[in-house]
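For reference, the structure is listed below as structure tokens.
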């Protein structure tokens, strides 16, 4: 009897999750359907719960769907129109991206092999306000929060990553740190000859200054 060898490849999806990210238990779900979804969410303990209603407006052939996102609470109402590839119950994330204690709105638009496309709307005190600067620099990149920085990470070809660390002041993003990490392939691409380069620039007295420029033996990131 011949033996069948089954090889299982396990792909692990990883990400960065700030401690103030809402968990599934933080939502109060009402109803769900293929073209309508609603729930309640708290963005701050001092504010009433927001009623969130998402309705599908138009379904395109290429899979991109146009949605109407409606927020309602006593004395408050706002509607945002946005496109997304994501399922209607998985397209919104509420996280504090400007570190003011209020959870902001992140609309997941599309994932790509190089990163993701998200639309950021910050809570201004009375409504969600789109942040064009963050939307532009995040386009097609990986974005996450680390140590009170907004980090935008992109592929640096052919064998590395570039990370930009931004602080935010009065809704303006200010680059505070730049990090480039890449693999330098050895002769004939032999693994034990590989080196890695790390370059770090940091804002000091208003200027971006190189604080690290090192080539060393390769170690996986």
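Since every read-out is calculated from the coordinates, none of them should be taken as a lab result. Note that this is a predicted model, so its numbers are computed, not measured.
Key figures
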read-out: Range of Cα positions in the range 26-140 per principal axis (Å), largest first; value: 41, 33, 21
read-out: Kirkwood hydrodynamic radius of the range 142-221, Cα pairs, Å; value: 13.8
read-out: Two-decimal ratio, the range 102-173, of alpha-carbon radius of gyration to 2.2 N^0.38 Å; value: 1.14
read-out: Extension gain, residue 130 back to residue 89 (0.36 nm per residue minus Cα-Cα distance, nm); value: 12.7 nm
read-out: Relative contact order for the range 142-221, counting Cα pairs under 8 Å that sit 6 or more residues apart, in percent; value: 19
